[in-house]
Structure formats: C-alpha cells, structure tokens
Amino acid sequence: MRSFLLALALILPGAALAQSAPPSSAAPPPPVTTDNVPAACTVPDELRALQFALPRMATLIQEKQPVRILAIGSSSTAGIGASVPAHAYPPRLAAALRRLLPGADITVRNDGIGGEVASTTLARMKRAVVDWAPDVVLWQIGTNDALQGITAQAFTGILREGIDFVLEQGRDLVLINPQYFPRTPKEELYMTFVQSIERVAMEKRVPMMRRYAIMRYWQALPQPVLMLSEDGFHMNDLGYQCMAEVLAGGIARRVTRESQ
C-alpha cells in the first residue's frame with residue numbers, strides 16, 4: 001500500500017492522499033464480484049473507491065426501486081473512438097451495474113456530445129435533469145475546456161454552478177475528470193483543470209471518478225495495454241469497457257456500503 005501511494009503521488013501530486021477514503025470503524029462492505037472483467041481493467045481499490053456518498057441511489061437500491069442514471073459530457077461520454085455505439089462507456093456501465101447489483105433495475109441514458117465545453121454541457125444538463133428526472137448524474141468534464149483555452153477560473157465557476165444545481169434538485173452526482181493521453185499539449189495547464197475538479201469535488205463533497213490517475217496507472221504498468229483509439233486521444237473499445245467497469249465497481253461498493 002505504501003509503495004502504491006508513493007507511486008501515485010508521482011503521477012498526480014496530492015491526489016492519492018486527498019481522495020483516499022477516510023478510515024471507518026464500520027464493518028467492510030461485502031466484496032463486489034468482477035466476473036468477466038478483463039484483467040487489464042484492474043486498478044487498486046484506492047483508485048476505484050468513490051469517497052463520498054450516493055444517498056439517493058443507495059436508498060433506491062435498498063428499496064428495490066428503479067434507478068435512472070444520466071451520463072452527460074463530451075466525446076468520452078458519446079463514445080468517440082468506440083467501434084460501435086454499444087461499446088461506449090454508458091451502455092457498458094449499465095450492464096456492469098446490473099451484474100454487480102443483482103436484481104437492480106438500472107437505466108443509463110447517454111447524453112454525450114463530442115467537442116462540448118462545460119458551459120454548453122451545463123445548459124443541456126439542467127434541461128435533462130428537469131425533463132428526465134434522473135436519480136444520478138454522471139458529469140464527464142474538463143478535457144475540452146483545458147484544450148480550448150477556457151480559463152481555470154471560469155471553468156471552476158461553471159463546475160460549482162452545475163454541482164449546486166444537481167444537488168439542489170435532490171439528485172446524486174458523480175464527477176468524471178479528464179482522461180490521460182500521451183503528448184498532452186500544455187500539460188501544466190491541463191493538470192490545473194484536473195486538480196481543480198478534485199478540489200471542488202472535495203469542497204462540495206461529491207464523488208469523483210479519478211479517470212486521469214486511473215489511466216496514468218494503466219499506462220505505467222510494466223506491460224501496458226492499449227486503451228486509446230488510433231487518434232491517440234479518445235478511448236478504444238477496451239478503454240471504454242475498463243472505464244465502465246472501474247466506475248461500476250466504485251458505485252456498487254459505495255451504494256452497498258450505504259444500504260447496510
């Protein structure tokens with residue numbers, strides 16, 4: 001464990017310790033099965049864990065009620081780079097959650113549009129939350145803002161506005177931070193956005209999938225498996241499957257723990 005945290009600190013300074021789940025005297029949750037998951041998708045628990053609660057989803061699962069999940073964001077949500085739309089992460093997430101939470105009635109709606117920045121997605125997200133009334137919102141955010149010259153200050157304001165809106169509507173929210181990809185232009189600026197999302201997630205106490213650190217972990221393995229498509233930026237079929245499996249594992253463990 002110590003060696004892993006030291007390695008992660010080199011990958012993403014401050015992230016490993018800041019996002020680790022706090023110790024608890026409660027009994028550990030039952031193990032979540034990982035049947036049929038490619039070995040390449042494996043990550044340490046410290047990276048998979050979601051730190052903060054998903055109270056609405058946990059209650060619905062405990063009461064055996066349907067759960068509606070809105071996946072919204074840009075090309076990583078839309079599934080650019082996947083061979084077919086069914087291989088994007090949202091449909092794979094739905095299948096993984098049904099496997100990990102047997103008997104759960106789960107619907108995942110894919111509202112990804114490639115190329116969007118956070119301000120554009122926020123407007124769509126507000127409409128979708130009101131019109132479709134999801135129980136959980138998965139907001140993939142930050143990559144295009146970092147690459148298209150949006151200021152970190154403006155981005156952070158949009159991020160806070162979106163979080164406040166979803167929570168005020170009584171919905172659960174999970175943030176998904178930017179992907180890692182080799183040859184990142186202006187890497188220092190890119191990291192500013194990655195770390196801004198982490199700080200705001202901690203401030204607002206909302207769960208966050210640490211996709212950047214997870215993908216850096218995969219890339220740093222002695223024999224890394226290719227997770228990106230031919231453009232070297234978007235994920236491929238395996239990358240989206242692994243993204244879905246890691247996120248599903250974090251969600252399943254979180255709601256199982258809360259429903260005990």
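Details
- Apportionment of accessible area to carbon and sulfur, the range 131-201, percent (1.4 Å): 47 percent
- Prolate/oblate/rounded call for the chain, Cα gyration tensor, a/c under 1.5 rounded: rounded
- Computed helical MRE - 222 nm, the chain, DSSP H runs ≥ 4 contributing -39500 (n - 2.57), nearest 500: -15000 deg cm²/dmol
- Positive-end ranking of 202, 242, 213 along the dipole of the chain, with charges on Cβ about the Cα centre, is headed by 202.
- Dipole magnitude of the range 123-260 about its Cα centre (Cβ charges: Lys, Arg +1; Asp, Glu -1), debye to nearest 20: 260 debye
- A protection proxy built from the mean count of other Cβ atoms within 10 Å ranks the segments 49-62, 218-231, most packed first, as 49-62, 218-231.
- Accessible surface computed residue by residue for the chain, with neighbouring protein chains in place and a 1.4 Å probe, gives 45 Å² per residue.
- Each residue, residue 219 and residue 64, gets one label point 7 Å from its Cα in the Cβ direction; the gap between the two is 4.6 nm.
- Amide H to amide H distances under 5 Å link residue 235 with 229, where only residues 5 or more positions off or on other chains count and H is placed in the peptide plane.
- All other residues whose Cβ lies under 11 angstrom from that of residue 156 are scored, Lys and Arg at +1 and Asp and Glu at -1, for a net of -1.
- Antiparallel DSSP beta bridges within the chain, as percent of all bridges there, nearest 5: 5 percent
- Rounded to the nearest 20, the size of the Cβ-charge dipole of the chain about its Cα centre is 340 debye, with Lys and Arg at +1 and Asp and Glu at -1.
- Charge tally around residue 52: other residues with Cβ under 10 Å, Lys/Arg +1 each, Asp/Glu -1 each, net +2.
- Here's the picture: charge each Lys and Arg Cβ at +1 and each Asp and Glu Cβ at -1 in the range 76-155, and of 119, 133, 102 the one pushed furthest to the positive end of that dipole is 102.
- Label sites at residue 191 and residue 160, each approximated as a point 7 angstrom past Cα along Cα to Cβ, lie 2.5 nm apart.
The values are calculated or read from the model by the stated rules, or taken from the named source; none is laboratory data. Everything quoted here is computed from the prediction, not taken from an experiment. A quick note on method: Cβ atoms are made from the backbone with ideal geometry, for glycine too, and the neighbour counts reach across all protein chains shown. Each accessible area value is taken on the protein alone, full model and side chains, heavy atoms only, with ligands, DNA and RNA left out. Shrake-Rupley method; radii C 1.70, N 1.55, O 1.52, S 1.80 Å.
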